[in-house]
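Heads up, the thing below is written out as structure tokens.
The values are calculated or read from the model by the stated rules, or taken from the named source; none is laboratory data. Because the structure is predicted, anything quoted here is derived from the model rather than measured. As a convention, Cβ positions derive from the backbone with ideal geometry for all residues, glycine included, and neighbour counts pool all protein chains shown. For the accessible areas, the whole protein counts, side chains as well, though only heavy atoms, and no ligand, DNA or RNA atoms are used. Shrake-Rupley method; radii C 1.70, N 1.55, O 1.52, S 1.80 Å.
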Amino acid sequence: MNFSEVFKQSNQLCKVSPDGKYLATCVQYRLVVRDVSTLQILQLYTCLDQISHMDWSSDSLFILCAMYKRGLVQVWSLEQPDWHCKIDEGSIGLVSSRWSPDGRHILNTTEFHLRVTVWSLCTKAVSYIKYPKACQKGIDFSRDGCYMALAERRDCKDYVSVFVCDDWHLLRHFETETQDLAGLEWSPNGCVLAVWDSCLEYKVLLYSLDGRLLSTYSAYEWSLGVKSVTWSPSSQFLAIGSYDEKVRILNHITWKKIAQFEHIATINNTKAVVYKEVEKRPAVGSDDLSLHNLTIGTTLFNTQSKYEICPPPVQVPVVKPDPDRANPKIGVSTLAFSSDSRYLATKNDNMASVVWVWDMQKMSLLAVLEQTSAVRCFQWDPRRPRLALCTGNTKLYLWSPAGCVSVQVPTEGGFQVQSLNWHCSGDTLILLGKDQLCLCYMDTDQEDK
């Protein structure tokens, strides 16, 4: 495992191009494009204000930079650095900007969600979509890029409109059986649209492409409900994380619950491996670095850490949420399937320092990773069953079915990893600090042996 030097970045705006060749980072009002393999600067663009949001087009030829405070979007071309495009939403404002799947249209959501404006880079044509709903996830494109589902709110009712992305004509428009729609997401195969209600009512609805209601799922009533929803890459499972600290798995044939995963404070499961991070400060002059302690020290006084396997029963640290505050820190907020749909990683908010890994073949708990600090971010390798996580300290943590490692990031001045992203090849990790980034290169040949 090797690490690059440290580079500047702002607002965690750092993205690898979809083709995996380029790394774009924002530093205040500048956009820097580097070659991923050499990290040489290829292009440097200057925007009109500090960049709030940045995104690549699907073909890796254009980059969108949004400046929400100014209601501006600037688009830059990698092939023709002199070409550029400026979209000014004016007094109506801007709260969100994104590419369409073809990489030739930009969708801007105006302030107060008054409308979505579709701008064409090719013809300069403008289309307007009215009544977009202000919610957690109100727009989603099907994986093949053919359809867009949009949540709408009109006459105090929720609706979903399905548009064809080629010419933005309306394919279907239907009312949903929700009190207050919170989000929607296409299944990876594009056959089913999952729609879920706000946390005040536990309801998940499954619609076909033509707007037929296939199934409704509700686990309980009169209590805070759905907190997170995600599809498995195979489209076979829909995982629903709830405020009652459980994950429910629905199957794609009957849309009934086939499994329920509970995040309990005392783990008695003898088949699950519990890894506990243990920190120790090395004594000066000590060479006692055991084989299991896979850390790289940068200074004499770095706190090293390693994982120890704990025999059951294991008590998981639980933080009791404040019932008087809004958005209580309780329930399953993060769900992530591995690329082969074999594993599911989850995080329960009142057990913030713990990541749970479930085996989807056996429908059972496989591993628990208990960190010394709250987990900030975790993400699966896009090519193999390997989970990377960070906790806002100077370490990177990796889990695979073979075991767990804790790795010190060897940079000057204590680089604290706030979030991370995998390169599409699975060979490189982009580690993001508060205002810096560095790349971690995996020794994949050794890993695969």
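Results, tabulated for the structure shown:
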{"item": "Largest to smallest accessible area among 440, 404 [probe 1.4 Å]", "result": "404, 440"}
{"item": "Distance between the stretch 230-268 and the stretch 115-150 - C-alpha centres, whole angstrom", "result": "30"}
{"item": "³J(HN,Hα) computed for each position of the stretch 310-325 - Karplus, 6.51 cos²θ - 1.76 cosθ + 1.60, integer Hz, glycine/proline x", "result": "9, x, x, x, 10, 8, 8, x, 10, 9, 7, x, 7, x, 8, 9"}
{"item": "Placed amide H near residue 147: partners under 5 Å, 5+ positions off or other chain", "result": "142, 165"}
{"item": "In Å², nearest 10: area of residue 378 left accessible to a 1.4 Å probe", "result": "20"}
{"item": "Accessible surface of the chain [probe 1.4 Å, protein heavy atoms]: carbon and sulfur percent", "result": "49"}
{"item": "Ellipticity estimate at 222 nm from DSSP helix runs (n ≥ 4, -39,500 (n - 2.57)) divided over the chain, nearest 500", "result": "0 deg cm²/dmol"}
{"item": "With all protein chains modelled, accessible area of residue 375 [1.4 Å, Å²]", "result": "10"}
{"item": "Where the chain is the region considered: accessible area per residue in Å², 1.4 Å probe", "result": "47"}
{"item": "Choice from 106, 51, 92 showing the highest fluctuation, given a GNM over the chain with Cα pairs closer than 10 Å", "result": "92"}
{"item": "The stretch 364-423-the stretch 1-42 distance, computed between alpha-carbon centres (Å)", "result": "20"}
{"item": "Relative contact order (%) - criterion: Cα under 8 Å, at least six apart; region: the stretch 1-130", "result": "13"}
{"item": "Loop-located trypsin sites (Lys or Arg not before Pro) in the stretch 115-211, at most 12 other Cβ atoms within 10 Å (DSSP)", "result": "124"}
{"item": "208, 127, ranked by accessible area, largest first (probe 1.4 Å)", "result": "127, 208"}
{"item": "With 10 Å bins from 0: P(r) over the stretch 1-130, alpha-carbon pairs, percent", "result": "12, 44, 32, 10, 2, 0"}
{"item": "Within the stretch 117-224, GluC sites (Glu not before Pro) in DSSP loop having at most 11 other beta-carbon neighbours inside 10 Å", "result": "221"}
{"item": "Stokes-Einstein translational diffusion, the stretch 337-446 - Kirkwood Rh over all Cα pairs, 1.002 mPa s, 20 °C, in µm²/s", "result": "150"}
{"item": "Whole-Hz couplings from phi, Karplus 6.51/-1.76/1.60, listed for the stretch 176-190; x for Gly and Pro", "result": "9, 8, 10, 7, 8, 3, 9, x, 8, 7, 6, 5, x, 7, x"}
{"item": "Per-residue ³J(HN,Hα) for the stretch 9-26, Karplus 6.51 cos²θ - 1.76 cosθ + 1.60, θ = phi - 60°, Hz, x for Gly and Pro", "result": "7, 10, 6, 6, 8, 8, 9, 7, 5, x, 7, x, 8, 10, 10, 9, 10, 10"}
{"item": "Candidate residues 147, 307, 128, 29: accessible-area rank, largest first, probe 1.4 Å", "result": "128, 29, 147, 307"}
{"item": "Projected area averaged over orientations for the stretch 168-236, convex hull of C-alpha atoms, nm²", "result": "5.1"}
{"item": "With DNA, RNA and ligands ignored, accessible area of residue 79 (1.4 Å probe; Å², nearest 10)", "result": "140"}
{"item": "Distant-in-sequence amide H partners of residue 364 (H built 1.01 Å from N, under 5 Å)", "result": "359"}
{"item": "Net charge of Cβ neighbours under 11 Å - reference residue 264; Lys, Arg +1; Asp, Glu -1", "result": "-1"}
